[in-house]
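A.B. asks: Quick one: the structure is below, and I'll ask about it shortly.
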Amino acid sequence: MEVAFYLSALVAVAATFRVITSTHPVHALLYLIVSLIGVAMVFFALGAPFAGALEIIVYAGAIMVLFVFVVMMLNLGESAVEQERAWLAPTLWRGPAVLAGVLLLVMLVTLVGGDFDGIISGETLTAKMVGITLFGPYMVVVELAAMLLLAALVAASHLGRSDAQGEADLARERQRERAEVTASRNTAPVPEETPLTDGAEQPTGRGGSA
Amino acid sequence: MSWWTPQVEATLFAMFQAVVILLAVVLAGALLSMFERRLLALWQDRHGPNRVGPLGLFQIVADMLKIFFKEDWIPPFADRTFFVLAPGIAMASLLLSFMVIPITPGWGIADLNIGILFFFAMAGINVYAVLFAGWASSNKYALLGALRASAQTLSYEVFMGLALMGIVAMTGSFNMRDIVNAQEGFWNVIPQFFGFCTFVVAAIAVTHRHPFDQPEAEQELADGYHVEYSGMKWGMFFVGEYVGIVLVSALLVTLFFGGWHGPLLPPIVWFLLKTGFFVLLFVLLRAALPRPRYDKVMSFGWKVCLPLTLINLLVTGAVILLIDPAA
């Protein structure tokens, strides 16, 4: 299994590197998908097939699809590639790269110096063991995560609702304002009044039909 | 003959099995394109393709020759990498899913203990075929088809997974072979009837079959995501769709209808008969049903099927705990 681990880890690292250096957004996303599948393979090689399968189903199969979906909708052309190229100028990434390199060095030294042998073993974790661990010692974390997701769901549903009631209220308010304005100007009518009301009416009409 | 050890024999037999299953599936997919046209004609009171060979049986040969010899055209405005990659993903992800399906007690390619999850993973990867094909074609119709496809597939994959969790809870395993063995004499379709209904709907939607063929929708999208494809690349999408039908039929048989179990006849015959029945059912659905509007498809998925699967899962869990609190 060690060969499988190192090969898929290498693929994941190389693909992630290409995600950063690639200037074409959709090509970068393809590398990100490959990288996630590489990480899933690492899980398989480490004897955690359940985590590996979930990695592909959740990340590669659902979240990345939404990423690709959004990037496809943006219709990014040559200008986006140019912008990416400008952002990848060496002056911009030199500093963070050196700092990250220091961190990598520290980690490598710790790994080589410490006694971490026996991590890649043939032992396979089953879905049942994962479930027992999740709903045993990590019960509180799972419940908190569930509440967080529920809050996110409620927020998303609030942001995305068609807002029929709110729109109607807004329209009524605008109408009243307009009526007040007309009433106050009734004593001295101005010729610009008609186009002004037209302009104010248009957004409410569109909002009502949407 | 010192190298002819039992291990070598087992390896060779496994490879032989894999090749036979692969060929059978691809052939079934290709032949199905012809059988479907004949069956649709039968049910719609038409003749269908009946000229080439006896009963029109050689129509498939003519079709395949035509597909192979057509010019393999890549539009100059297309993104080459993605344009070539998409049909490969479409075909490969579906064919790989057959890996986890146990055909008979002795036949089957891989005995993974995450069997169902492997199918879900492959179904998740399959979305990219349509998405990449639609985007790489640089065509408005193709892009619209791809957008519809990804939204539809994502929505329906959510409860496709949940629909099967009732079975997993009952069997106590993701392994397909365990699930078939647990159904001896008592098929899962009886206790998991709502799971079965929602899984059928989700399976048709994920393979973009009629009446859920929104991504293709000939009348409004001019064939959707594969409008720019020709020759064998288009053929791979085409055969891939039929491979998808065979796959979901085989899955329905394995998960809900007892797999190879059945009286009198040998296991392989039962498996093929049951799978054939569901393939016929999918063709009949195409012959009988009109295509609903796109927003109706989406709201049906989220507002009817998803709550139904959740209730089903909840009731299944409660019943399992009621019968056997220790498990």
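The values are calculated or read from the model by the stated rules, or taken from the named source; none is laboratory data. Computed from a predicted model, the values in this text were never measured in an experiment. All Cβ positions, even for glycine, are placed from backbone atoms using ideal geometry, and neighbour counts span all protein chains on display. Calculation scope for accessible area: heavy atoms of the full protein, side chains included, ligands and nucleic acids excluded. Shrake-Rupley method; radii C 1.70, N 1.55, O 1.52, S 1.80 Å.
A.B. asks: In region B:73-97, what count of residues is obtained for those that are in a helix (DSSP H, G or I), open to solvent by less than 20 Å² (accessible area, probe 1.4 Å) and out of contact with any Leu (no Cβ under 6 Å at 6 or more places or on another chain)?
C.D. replies: Looking only at that region, the number is 6.
A.B. asks: Answer yes if at least one residue in region B:48-61 is more than 27 Å from B:Thr275 (Cβ to Cβ) and open to solvent by less than 70 Å² (accessible area, probe 1.4 Å), and no otherwise.
C.D. replies: Checked region B:48-61: no residue is more than 27 Å from B:Thr275 (Cβ to Cβ) and open to solvent by less than 70 Å² (accessible area, probe 1.4 Å).
A.B. asks: Name the one entry in B:Ser173, B:Ser150 that is within 14 Å of chain A (Cβ to nearest Cβ), open to solvent by less than 30 Å² (accessible area, probe 1.4 Å) and not in a helix (DSSP H, G or I).
C.D. replies: Within the list B:Ser173, B:Ser150, the selection yields B:Ser173.
A.B. asks: Collect the residues in region B:121-143 that are open to solvent by 20 Å² or more (accessible area, probe 1.4 Å) and either charged (D, E, K, R) or within 11 Å of another protein chain (Cβ to nearest Cβ) (or both), keeping them in residue-number order.
C.D. replies: Once the filter is applied, which keeps residues that are open to solvent by 20 Å² or more (accessible area, probe 1.4 Å) and either charged (D, E, K, R) or within 11 Å of another protein chain (Cβ to nearest Cβ) (or both), region B:121-143 yields B:Met122, B:Ile125, B:Asn126, B:Trp135, B:Ser138, B:Lys140, B:Leu143.
A.B. asks: Still on this structure, I have one more. Is it the case that region B:65-72 has a residue that's loosely packed, with under 14 Cβ neighbours inside 10 Å, under 21 Å from the mean Cα position of the chain (by Cα) and at pLDDT 85 or above?
C.D. replies: Among the residues of region B:65-72, not one is loosely packed, with under 14 Cβ neighbours inside 10 Å, under 21 Å from the mean Cα position of the chain (by Cα) and at pLDDT 85 or above, which makes the answer no.
A.B. asks: Tell me, which helices (runs of 4 or more DSSP H) lie completely within region A:1-112 with 2 or more residues that are at the interface with chain B (Cβ under 10 Å from one of its Cβ atoms) and either charged (D, E, K, R) or open to solvent by 70 Å² or more (accessible area, probe 1.4 Å) (or both)?
C.D. replies: Answer list for region A:1-112: A:64-74.
A.B. asks: Tell me, please, whether a residue that is at pLDDT below 85, surrounded by fewer than 18 Cβ atoms within 10 Å (Cβ to Cβ), of a type in the set (Gly, Ala, Ser) and in a helix (DSSP H, G or I) can be found in region B:254-273.
C.D. replies: no
A.B. asks: If you don't mind, another one. Tally time: how many residues in region B:176-203 are open to solvent by 10 Å² or more (accessible area, probe 1.4 Å) and assigned to a helix (DSSP H, G or I)?
C.D. replies: Adding up the residues that qualify gives 9.
A.B. asks: Please give the number of the condition B:Pro102 fails out of (1) surrounded by 20 or more Cβ atoms within 10 Å (Cβ to Cβ); (2) over 19 Å from the mean Cα position of the chain (by Cα); (3) not in a helix (DSSP H, G or I).
C.D. replies: Result: B:Pro102 passes all but (2).
A.B. asks: Being open to solvent by 80 Å² or more (accessible area, probe 1.4 Å) and either more than 24 Å from the chain's Cα centre (by Cα) or of a type in the set (Asp, Glu) (or both), is that true of even one residue in region B:13-33?
C.D. replies: Yes, region B:13-33 has at least one match.
A.B. asks: Give all pairs with beta carbons closer than 7 Å in which a residue from region B:43-62 that is on the phi < 0 side of the Ramachandran plot meets a residue that is open to solvent by 50 Å² or more (accessible area, probe 1.4 Å) and in a helix (DSSP H, G or I); count only pairs at least 6 apart in sequence or on separate chains.
C.D. replies: B:Trp43/B:Leu284; B:Pro49/B:Arg37; B:Pro49/B:Arg38; B:Ile60/B:Leu31
A.B. asks: Restricting attention to region B:176-202, which residues are more than 14 Å from chain A (Cβ to nearest Cβ) and of a type in the set (Val, Ile, Thr)?
C.D. replies: The answer is B:Val180, B:Val189, B:Ile190, B:Thr198, B:Val200, B:Val201.
A.B. asks: Only one of these is farther than 23 Å from B:Met170 by Cα and either in a helix (DSSP H, G or I) or in contact with a strand residue (DSSP E or B) (Cβ under 6 Å, 6 or more places away or on another chain) (or both): B:Leu251, B:Leu284. Name it.
C.D. replies: Among B:Leu251, B:Leu284, only B:Leu284 is farther than 23 Å from B:Met170 by Cα and either in a helix (DSSP H, G or I) or in contact with a strand residue (DSSP E or B) (Cβ under 6 Å, 6 or more places away or on another chain) (or both).
A.B. asks: Keeping to region B:105-117, report how many residues are within 10 Å of chain A (Cβ to nearest Cβ) and either open to solvent by 30 Å² or more (accessible area, probe 1.4 Å) or not in a helix (DSSP H, G or I) (or both).
C.D. replies: So the answer is 3.
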